[in-house]
1. If you rank 29, 44, 95 by how much accessible surface each has, with a 1.4 Å probe, what is the order from largest down?
2. Taking K and R as +1 and D and E as -1, what net charge do the other residues with C-beta under 9 Å from the C-beta of residue 36 add up to?
3. For the pair residue 71 and residue 120, what calculated FRET efficiency results from E = 1/(1 + (r/R0)^6), where r is the Cβ-Cβ distance and R0 = 41 Å, to the nearest 0.05?
4. With the crude spin-label approximation of a point 7 Å out along Cα→Cβ, what separation in nm comes out for residue 49 versus residue 6?
Amino acid sequence: MSTAKKDPFHDKLVAIVVKLPGARVDWPWGSAHCKVDDKIFVGWSRLPDGDMSVGIRVSLIRQSELLATDDRFSIAKYVGKYGGLDMRLGPRPDWREVERFVVDSYRIIASKKRVKELDAQREAPRAAKAKASEAPKAQARGGTGMRAVARTASATKPAKAAGKPRSERS
């Protein structure tokens, strides 16, 4: 039986990360660092005061904006010159905001192939939802697919006279 204390913030961050294509959690220096294809895109640990700090990557322009406007952010050690930031989560983080930062960091670090996988993964539920909402409309028009198109097309064309040469058809 483990004596380690459960950390709901850690669990929530892991849940965000494992949804990303090829992402995995590693513990190279005693704290969680998440990698995609062996490149770190996010890491976190508890600070001495107990607050959770999350290290992310942003563009250098975004880094400047966040540092100037939001005191939760500070320059990350070692990777600050590349857009690395540390973000204090505080006692009640906005998890949607945290997820956006994690996903944006992933997009910066991951290969184009992985980003395409992520986009396809995120587009699939939208496409299914759009298709599901389109089905009742299509049924109201008389069905869906090629059969419905064929029924519609055949209803507008005059019937062919079977067996007669073209010159004798009306």
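1. 29, 95, 44
2. That sum, taken over residues with Cβ under 9 Å, equals +2.
3. 0.65
4. 2.8 nm
The values are calculated or read from the model by the stated rules, or taken from the named source; none is laboratory data. These numbers were taken from a predicted model, which means no experiment stands behind them. Please note: Cβ atoms are built from the backbone with ideal geometry, for glycine as well, and neighbour counts cover all protein chains shown. The accessibility values were calculated without ligands, DNA or RNA, using every heavy atom of the protein model including side chains. Shrake-Rupley method; radii C 1.70, N 1.55, O 1.52, S 1.80 Å.
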